[in-house]
Every structure is written in C-alpha cells, then in structure tokens.
1. Confirm whether B:G357 is of a type in the set (G, A, S), modelled with pLDDT of 95 or more, in the same structural domain as B:R71 (by TED's automatic domain parsing) and on the phi > 0 side of the Ramachandran plot.
2. Would you check which residues across region B:86-102 are within 20 Å of the chain's Cα centre (by Cα) and within 21 Å of B:I335 (Cα to Cα) and list them?
3. Report, ordered by the first and then the second residue, all pairs with beta carbons closer than 6 Å, sequence separation of six or more or different chains, a first member in region A:6-31 that is more than 10 Å from every other protein chain (Cβ to nearest Cβ), and a second member that is hydrophobic (A, V, I, L, M, F, W, C) and outside any helix (DSSP H, G or I).
4. Which numbered condition in (1) basic (K, R); (2) away from chain B (no Cβ under 14 Å); (3) under 18 Å from A:A202 (Cα atoms) is the only one that A:R111 fails?
5. Is it fair to say A:A199 is in contact (Cβ under 8 Å) with a residue 40 or more places away in the chain and more than 14 Å from chain B (Cβ to nearest Cβ)?
6. Determine which member of the set B:L241, B:L215 is within 28 Å of the chain's Cα centre (by Cα) and surrounded by fewer than 21 Cβ atoms within 10 Å (Cβ to Cβ).
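The values are calculated or read from the model by the stated rules, or taken from the named source; none is laboratory data. Note that the coordinates shown come from a computational prediction; the quantities given were computed from them, not determined experimentally. Neighbour counts run over all protein chains shown; Cβ positions are idealised from the backbone, glycine included.
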Amino acid sequence: MENFLIQLLNGLVTSMLLFVMAAGLSLIFGLMDVINLTHGAFYLLGGYIGLTTVRRLGNFWLALMIAPLVVGGLGLLIEYFFLRRLYGRHRHLEQVLFTFGVTLIIIDLARATWGAYVESVPSPALLAGQVSLFNIQFPIYRLSLIGFGLLLALLLWLLIERTRLGAIVRAGVSDAQMVAGLGIDVQRVFAGVFAFGAALAALAGVVGAPVFTLYPGLDSEILILALVVVVIGGLGTLKGAFFGSLIIGLADTFGKALLPELSRFILFAVMALILLLRPSGLFGQKEV
Amino acid sequence: MKQQCALKGGLSRRGFLKLTGAAGAGMAAAPWLLAGCSPAVTTSQPLKIGLLLPYSAVYAELGNSIERGVRMYLDETGNEAGGRSIEIITEDEGATPDDATPKARKLVEQDEVDIVAGIVSSGVLGALRDYFDSNKKLLICANAGANGISRGGKTPYIWRTSFSNWQPNWPVGPWAAENVGKRVFVSVPDYAAGHNMRDAFLNSYQAAGGEAVGLQVTPFPNIGDPAPFITEIANADVDFLYCFYSGGQAVTFLKAYGDFGLAGKLPLLCAGFMVEEDVLPAEGDYALGARSGLHWALYLDNPENKTFVEAYRAKYPDKTPDVFAVQGYDTGRVIVEMLNRTQGDSSADKMVAALDGISFASPRGPFTLDAATQNPKQHIYLREVQAIDGAPHNVSLADLGEVADPGDDSKG
C-alpha cells in the first residue's frame, strides 16, 4: 500500500511534466490543425537555455522566465516567416516535413552549442533535499512539480475558459473560418498560440531537466509521449491534455513498477485501447 | 616502378607511352590502371582506415572521444606504418544498424578502405558481423562489447581492442561478496549489453556466496523517469546496488538515485561505464563513492597512463580523457603495429595473421590481443569515484588481475 502511494506520486510527477508539454501541443494541433513535430526540440532547447541560465546566473527561477521567452520568440518567428504559408488540412505532409526539418536544425545547432554530452541541471536550492514519506526519502523538487503542474493547469483553465482570448481560441478550435468571419484576426491568434505553445514546451524543458537530464535524442522521446497524450486526450482540449497526461503518466509509472519488461508495451496498449473505445480521444470532437 | 607495372600488364608500346604520359599528368586520376600490379606498388599508396563512429545521437561524444584517441596515436607515430602513410575517412555510425549499415558499405565499397575501425553500439556490431565476414574485410572494433563476437559469433575478420561485456563485471563479483555484502539488488537496461553485464557479475558473485535479492530490467533505450525503479530499490533490504547504465541513462538513473536520498546510504557498485569520465561531470556529487570495475581509470597509476593523460590534455585542451579515448588510442596502436608486422601489406589475411599476439604497455596497463577470443587480455581495476580538485574522478583502488574472455558462456 505504501509502495503504491509512492508510485502514485511518481506517476503524478511524470503526468504533470507531460501536461506542461502536451498542453501547448494540443492547442496548436486543435486550433491550427498543425502537427508540430518541433515541440520536442522546443522542449530540449528550453532545457538547454535553462541550463546556461543556471550556470551563468546561478538562478533557477530566472531560467523559468528566460527560456520560455526566448523559445516563445523563436516560435513566433517560425510561425511568421514559414509556418503561416503551410496552413490547411490538406497540407499535413508539408507541415510534418517542415516542422521535422526545423527540429533537425534546432537539434544540430543545440549540439554545436552545448555539445553531445549528457547535461544535468541541479534542482533549485530552495527545493533540494527530501521529505520522509512511508520510509521513502521523497525528493521535495518532485513533490513541488506536482503542485506546479496542478497550478499551471488551473491557470490555463482560467485563461481558456474564463477570458475573451480563451473564448476566441476555443471558437477557433471548433471552426477557425467562422471566427475569421466574425472579424477576428485569426492569423494573429494562431501566431500567439504557436508562440505560447513553444514557450510552454520550453518551460517543461526547464522544470523537467532536473528529472530527465538533457541530451540530444531526448527531444524525440518526449515528443512521442506528448503526442500519445494529445491523441488519447483529444485534439485541442485542455481537459484532454490534462487527463491524457494523467493516464499516460500513471500507466508509465505502474507499468515500470509492476511489469518493467512490458512497460513500453503497456503505454501503447493503453493508447490503443482508448482509441478503440473513443476514436477521437477522451474529450475530442474531431476525428484523429 | 610505374614502368615495371605497365610492362607487366603487357601493354603495347603506344599504350605504354600513353600510360606513362597519363602517369606524369597525375597518377591519382587513374588508380584503376594499377589494379593487380605488384604489391610494391599498392603498398606505396596510402593506407585507408574507415572510422565508423557515432557523430550524432546519444553516443556522439563517445565517437568523438574514440576518434581523438586514434588520431592522437597516429599523429605521435607520424601517420605512417609499415612504410605507408595513413589516411582516415570518417563516417557516422548513428545509433542503430539502419543508420550504420549504409555507411559501412560506403566505406568498404566506395571509399575502398583497407580497414574499418570503430563501432560503438553492440547492436550495430551484431548487424554488421556477417557483412565483414563474407566480404573478408578487417574490422577493428573499438568499443562495442557484445560477448558473442568473442564466442559463438567469432569471425577471423573482426578483432576487438576494447573489451567484452563480460570482462569488467565478472572479476567484481567475488570482490563485492567479500568487501561490500552478500545481498544485492541488480538493475540493468533490457538489452544485450545489460544482460551480458548482469549475468557476468551474478555468475561470480553467487559463486562467492552472494545472493541476488532483487533483479530489475528497465526499458531500453528510453528509460524515461527512473523514479519507479528507484522506489523499488529503496524498498528492498539489500547491502548494495549493482548496475550497468551508460550515456544519458547513466546520468538520469544516478540522478534519481541521489534525489531519492540513496547516495551515501545504499552503496553503488557498477560496470565502470556508468561512472566514466564522460558522464561524471553531469552526475556530480551523487557519484562520489561509487565503485566500479573497468579496464582503465583516469588516475590509474602507471607511467604510460600518466604520459597519455598529459599528452591528451595538451592536444585537446578542455577535454578530459575517458576510457573511450584510451580504446581509440590503443586501436591506433594496434593498427600501426599490425602494419609494421606486415610491412605495409594490407591484404586481409596477412593483417589478421599479424594481429595475433600483439602486445604492449597501454595506458590501461599490459594489453595483449588474445588469439583465442580476438579480444584483449587486460587487467580489470576496481575503481572509486573521489573528489579530486573539487571534481569527481575515478581512482583505482585495487587491481583485480589480468582477465581474458572465457570464449564461451560457461562463466556467464
């Protein structure tokens, strides 16, 4: 039982990290109909920028602000100069090729800048150390990640459900053309959402770095998990991203704890099962 | 010499004149004209080594390290052996056999290299074994440790200058039973190298009276968050943890081990790659006190190592040598000594015959190519991570003696 509770906490840590990552991906997917394979690279780049900030300025909290700003700005540029030309449902292949190409460029530049060594970011001093829970020394940083994830989920929920901006985004997810017809500059909303998603990925990179470390190749590992979350949660819904993250985080953790040899399989079996029962994901309205 | 060659080919006078004219204009433009000429001619050409190493993906720094080692030895010996100059062509091994196979074929078939050296991944080594075997092309493996290539999967054309996965683990078992404890939790990634290392350690550890209380295999190559595994380990009543992880997995795993407060509480013993110099900077203080078996240590006390480490730091400022650089350095040395023995003859069978018994004092201590396994006979050291000038590095605590792979699966 005690072991179960500890593993539950471990599962929530993974879930919350995935949520920060998947929230942006899901919004971009749902609103812009863009399959953004650059999201993993945004995560890794955010992590690396955070690493440099921590090394240079010795301040983890600054990293939490700088990395999302830089990567969000980069997202804005990518959207404005390139992605803008590739909108439309029939152009998915071009979007995939383009965003994959950008990923390769970012990852190669990151390797040129930070090298291919594995890098780790220490947890901030304020959150270092452990608390004793059921005979296990549970790291405070990981506990606070759960709180951070929940807080961010709440803020995002308020933003999407309770503000005018959120209403526009939600309307855009349902029918972007109609929103444009109402005289709203959808182009600008798209750019904003893309940049915001990129910034969230970078934020995930910074808070995730003390847990997952940083190395070339991590981008695709994270991206795959986030895509799974988005697909089972349903495209374009925050709720979907949240519960999708919970399911995948817990399935991953309990799979590893109970049947380690099959843990990868369990993850994808859960996805297949959910898609069999609900082809558009848990909360999705659009077909995947 | 050029004339000799042309006349041997039985050319007409006009053909001969044309040929010498062409030769004057630039021999390199028509190398095929010389095919099948006397060995004296082929040996005067540069010898080409194809370095197949990962320059991308997660093992990229291992590839860079090995290349630095190879180049360092070749530079020290004037890039020349057996009267022939040496030329290096590099290709990216990537991470998987799918990445590496076309590159190996390119080196062999298009660049026509005389020797291929490198290969970090055991998966790639396994996938390319038949290619080198059937093409009778010499491969000097500078890292990948799959036991099989020294055992059932042996071919005359693949020799290893690195290690078999069995080697750094088996000698540690009895030492652990005597010095650390009789109850162990073993955690390894679920792929061939992980299984090889675990089985080798457990074979000798259990023979020495140790008991494996917990066994764990973790997903490879993506471990994700290792916290669920660490939780299982923290709940077990054992004397110590035995592991093998490398690269990104090593750092993530060790980080979680430290974050959960196990560093300094549950002793860590491991295959040396987990706490080697390439990953130590990222592992930081959590690695302090970790003990491991490996065929080299940065602070291994012998004159060759001292010279090597100093020269490496002088040649590559800001770089700390690691075991992969040593393997690259020894790979360079094996190739040079082999060519000196064949006097520059690069026919595969001559080179293979010359490899047998090559022996020298390496930075890792006495090194002998063992003809029975085509793998080095070498010493394994029990090392400990200590803070030296404020940074974690490996110091050799004990020499566990000279070890050769058993050549079959009888000892794990």
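1. Details: of a type in the set (G, A, S): yes; modelled with pLDDT of 95 or more: no; in the same structural domain as B:R71 (by TED's automatic domain parsing): yes; on the phi > 0 side of the Ramachandran plot: yes.
So B:G357 fails the test.
2. Scanning region B:86-102 gives B:I88, B:I89, B:T90, B:E91, B:D92, B:E93.
3. So the pair list comes out as A:I28/A:V34; A:F29/A:L235; A:G30/A:L235.
4. Only one criterion is unmet by A:R111, namely (2).
5. Values: in contact (Cβ under 8 Å) with a residue 40 or more places away in the chain: yes; more than 14 Å from chain B (Cβ to nearest Cβ): yes.
When the stated conditions are applied, A:A199 passes them.
6. Details: B:L241 fails: surrounded by fewer than 21 Cβ atoms within 10 Å (Cβ to Cβ).
From the options B:L241, B:L215, the qualifying one is B:L215.
One line per residue, one yes/no per condition, for (1) buried (at least 20 other Cβ atoms within 10 Å of the Cβ); (2) within 12 Å of chain B (Cβ to nearest Cβ); (3) within 18 Å of A:G208 (Cβ to Cβ); (4) not polar (S, T, N, Q):
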| position | (1), (2), (3), (4) |
| --- | --- |
| A:L77 | no, no, no, yes |
| A:Y80 | no, no, no, yes |
| A:L127 | no, yes, yes, yes |
| A:V131 | no, yes, no, yes |
| A:L145 | yes, yes, yes, yes |
| A:G149 | yes, no, yes, yes |
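One line per residue, one yes/no per condition, for (1) crowded, with 24+ Cβ neighbours inside 10 Å; (2) over 24 Å from A:R111 (Cβ atoms); (3) in contact with a strand residue (DSSP E or B) (Cβ under 9 Å, 6 or more places away or on another chain):
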| site | (1), (2), (3) |
| --- | --- |
| A:Y215 | yes, no, yes |
| A:I222 | yes, no, no |
| A:L227 | no, no, no |
| A:V230 | yes, yes, no |
| A:I247 | no, yes, no |
| A:L258 | no, yes, no |
